[in-house]
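Data block below; observations after.
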Amino acid sequence: MANIVCAKVDKAYGAVNVIRDFNLEIADHEFVVFLGPSGCGKSTLLRMIAGLEDISGGEVSIAGRVVNDLEPRDRGVAMVFQNYALYPHMTIYDNIAFGLKRMKVDKAEIDSRIQAVAGTLGLEPYLSRKPTELSGGQQQRVAIARAMIKTPRVFLFDEPLSNLDAKLRNHMRVEIARLHQALKTTTVYVTHDQLEAMTLADRIVLMKGGAIEQVGTPAEIYERPRTLFVAGFIGTPNMNFVDVTAHADGENWRLDGDGVRFVVSRGRFDLTERQAVTLGVRPSALVAGGGVSDANRLAGVIDLVEFHGDDALVSFRVGGKEVSALVPAVMRPKAGTPVAFSAKEEALHLFDRASGMSLLRA
């Protein structure tokens with residue numbers, strides 16, 4: 001059992017508090033991704049779990065044991081860094097074996113483990129080579145092999161793919177996912193790339209300013225963002241936002257804004273009269289045309305068309321706000337074309353403008 005528990009964890013550098021009252025439990029065999037913008041504290045948290053940063057307050061437990069004062073080597077964790085940190089003068093075999101040799105593991109046991117790890121990661125042809133003779137993706141596999149060979153209870157990944165080009169990142173992301181399925185080791189992975197988080201994670205921990213903004217499965221965070229920050233951070237292309245004011249209208253709420261009017265049912269959203277609200281709708285949820293009513297529509301004149309292959313992202317202004325919609329590339333309009341897009345109520349998100357909290361009922 002290798003669950004991880006962070007209880008009231010704080011981290012301060014002098015008078016600057018970068019992690020505040022962080023509470024999280026990671027289950028045995030779970031793949032959890034810490035996601036967030038630069039400076040949100042995700043790598044600092046990972047380093048505290050690894051023992052590379054002191055904990056200013058609270059406790060970190062691994063497999064039921066408090067590890068605050070344990071050395072990194074005694075925590076049963078292995079870490080893969082953004083920088084591969086391979087020894088350039090050593091062969092790949094020796095790089096992978098280095099940690100075991102320092103632990104005085106028997107040579108036959110080292111050889112057996114290396115052959116098994118190299119087979120899993122497809123490194124057998126490269127064991128006699130030096131790191132400079134390998135591609136970036138191959139070097140990252142060596143770094144993972146060096147972590148794997150210690151048979152850790154917990155894998156920690158600190159932005160391991162950020163130095164690779166887009167094609168290699170995609171390839172390595174698939175390899176890491178398959179590796180986790182095979183090993184079923186508890187894994188904590190840090191990234192600022194939402195695609196990595198959405199495709200790898202069992203659960204995402206989305207952070208902002210040293211605190212948790214939302215925890216959930218990728219689907220939960222995408223479909224039911226808890227705050228305006230989450231809605232704006234998750235999803236490509238970005239969610240559209242329009243400021244509106246709520247008014248009671250029989251069994252519905254009428255949402256009036258600059259150049260827009262939306263009508264939503266009272267049962268779906270928790271609103272009050274004249275509440276200042278931010279309405280959100282994803283570009284993929286906007287449908288060209290719609291009914292003859294002016295409600296629940298966004299209309300304007302196309303000022304930019306971005307060709308994405310199968311799709312095109314078209315942008316236009318609504319009441320001074322830039323709005324985007326995804327359309328099939330073969331149906332993309334030209335710049336200067338008047339357009340109108342409608343959205344179903346279930347595709348709409350509403351957030352209180354003052355607090356940023358979602359107004360969608362549970």
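The table that follows gives values for the structure above.
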| item | result |
| --- | --- |
| Per residue value of the accessible surface for the chain (all protein chains in place, 1.4 Å probe), Å² | 47 Å² |
| Percent carbon-and-sulfur accessible area, the chain, ignoring ligands, DNA and RNA, probe 1.4 Å | 50 percent |
| Candidates 342, 43, 324: whichever shows maximal mean-square fluctuation once the chain is modelled as a Gaussian network with Cα springs under 10 Å | 342 |
| Where only alpha carbons of the stretch 105-194 are counted, the Rg and the Dmax (Å) | 13.4, 42 |
| Solvent-accessible surface ranking, highest first, for 120, 185 at 1.4 angstrom | 120, 185 |
| Formal net charge of residues neighbouring residue 346 (Cβ-Cβ distance under 14 Å; K, R +1; D, E -1) | +3 |
| Relative packing of 48-54, 217-223, 333-339, which averages over residues the other C-beta atoms within 10 Å, highest first | 48-54, 217-223, 333-339 |
| Unit Cα scatterers, Debye sum, the chain: log10 I(q)/I(0) for q = 0.09, 0.10, 0.11 Å⁻¹ | -0.64, -0.75, -0.86 |
| Centroid-to-centroid separation of the stretch 37-54 and the stretch 302-362 [C-alpha atoms, Å] | 36 Å |
| Accessible area, probe 1.4 Å, largest first, for residues 69, 106, 74 | 69, 106, 74 |
| Inter-part distance where the stretch 204-272 and the stretch 141-171 are each reduced to a Cα centre, Å | 35 Å |
| Ranking by accessible area, most exposed first, for 327, 105 with a 1.4 Å probe | 105, 327 |
| Convex hull (Cα only) mean projected area of the stretch 237-352, reported in nm² to one decimal | 6.9 nm² |
| Length-normalised contact order of the chain in % [C-alpha pairs under 8 Å, at least 6 apart] | 15 percent |
| Mean separation of Cα contacts under 8 Å (6+ apart) over length of the stretch 237-352, as relative contact order % | 28 percent |
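The values are calculated or read from the model by the stated rules, or taken from the named source; none is laboratory data. Fair warning: this is a prediction, and the values are worked out from it, not measured in the lab. All Cβ positions, glycine included, derive from the backbone under ideal geometry; neighbour counts span all protein chains shown. When the accessible area is computed, the model is the full protein with side chains, heavy atoms only, and any ligands, DNA or RNA have been set aside. Shrake-Rupley method; radii C 1.70, N 1.55, O 1.52, S 1.80 Å.
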